[in-house]
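Presented below is the structure to which this report refers.
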Amino acid sequence: LPAPPRFGAIEVRTVLVAVGLLFALFAAVQVRALFGGIGYVTSVSGLTFAEYARRGFFQLVAVGALTLALLLGIDWGGGLVHGARAIAWGILALLGLILASAGYRMALYVSFYGLSPIRLYATMAIGWIAVASAWLGVTVLRGRRDRFVAGALAAAVIWLGAVDLGNPEALVVRVNVARAVAGAPFDATYLTGLSADAVPALVAALPTLPAAARCDVLAGLRGTRWRRPDSGDWRTWNLAERRAEQLVTALGSGADRPECPATPP
């Protein structure tokens with residue numbers, strides 16, 4: 001690799017102070033929008049909860065990623081020394097406030113519209129950036145940059161493992177079922193349109209759902225959207241789909257549930 005450029009102390013501190021002042025000014029001006037929640041939305045004409053949650057969310061996440069890249073680049077050039085590290089700590093603290101705002105917006109979004117896989121992945125991404133930021137402070141800002149990559153990659157592996165092994169769609173179903181039991185709207189069409197991974201959680205939730213939602217879920221599960229045609233080729237076999245098919249078959253055709261009409265052909 002080519003030798004890194006050497007950054008002067010004046011240049012580094014100028015950049016860091018400018019970024020820190022920008023973050024502080026942003027937080028001061030936007031403090032009501034960052035954590036205003038329901039009160040802020042109701043006071044702004046024409047602003048919906050969905051717009052409030054999405055407005056600036058991805059920009060805030062991008063700011064977090066770019067800040068990490070900036071601090072790593074400056075440290076690579078030997079610029080994070082003496083007073084510069086103290087300024088960098090201040091930037092990380094303000095970055096934590098910005099990420100907390102992004103997480104708060106997403107939590108508010110979920111509380112009003114329910115959880116979806118995309119919203120779950122976005123929340124996990126915020127968590128990863130927050131962990132990576134804290135790890136950067138523990139390693140890079142303490143002169144241990146060689147340990148940063150290993151820790152950041154380990155956090156990413158844990159993130160991916162949680163997605164692959166944790167069955168996010170089952171979590172989505174459980175959260176939305178809990179909301180339905182509490183009286184919130186329940187989108188059975190969306191949930192039954194998920195993959196076969198969501199079917200066991202949906203079947204387990206049937207006894208707790210309100211009658212109308214239960215019938216909608218039964219109708220959706222008896223569909224064939226997540227089933228594959230039986231080609232007889234073992235390479236098309238899928239454990240989740242096989243289990244889902246067994247569970248739906250065990251539900252019957254609806255004759256044993258007179259409160260729910262049978263699914264039309």
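What the phi angles of region 100-114 give under the Karplus curve with 6.51, -1.76 and 1.60, with θ = phi - 60°, is a coupling list of 4, 5, 4, x, 5, 4, 5, 4, 5, 4, 5, 5, 9, 10, x Hz, glycine and proline written as x.
Computed on protein heavy atoms with a 1.4 Å probe, the accessible areas place ARG6, ARG119, ARG85, ARG243 in the order ARG6, ARG243, ARG85, ARG119, largest first.
The accessible-area ordering, largest first, of the residues TYR190, TYR109 stands as TYR190, TYR109, per a 1.4 angstrom probe.
In this label model, VAL81 and ILE158 are separated by 3.4 nm, measuring between points 7 Å along each Cα→Cβ vector.
Full extension of the chain segment joining ALA134 with VAL29 gains 35.3 nm, where the gain is 0.36 nm per residue of separation less the Cα-Cα distance. Got a number for the accessible area of TYR113? Probe 1.4 Å, square angstrom, nearest 10. Rounded to the nearest 10, the figure is 110 Å². Estimated at the nearest 10 Å², the accessible area of ILE118 is 120 Å² with a 1.4 Å probe.
Extension gain for the segment ALA150 to LEU21, taken as residue separation times 0.36 nm less the Cα-Cα distance, is 43.4 nm to one decimal. For the pair GLU11 and TRP89, a Förster radius of 25 Å applied to the C-beta separation gives a FRET efficiency near 0.85, rounded to the nearest 0.05. Extension gain, ALA178-ALA65: 0.36 nm per intervening residue step, less the Cα-Cα distance, totals 37.3 nm.
The values are calculated or read from the model by the stated rules, or taken from the named source; none is laboratory data. This structure is a prediction, so every number in the text was calculated from the model and none was measured. Cβ sites come from the backbone with ideal geometry, for glycine too, and all protein chains shown count toward neighbours. Heads up: the accessible areas ignore ligands, DNA and RNA and are worked out on the full protein's heavy atoms, side chains in. Shrake-Rupley method; radii C 1.70, N 1.55, O 1.52, S 1.80 Å.
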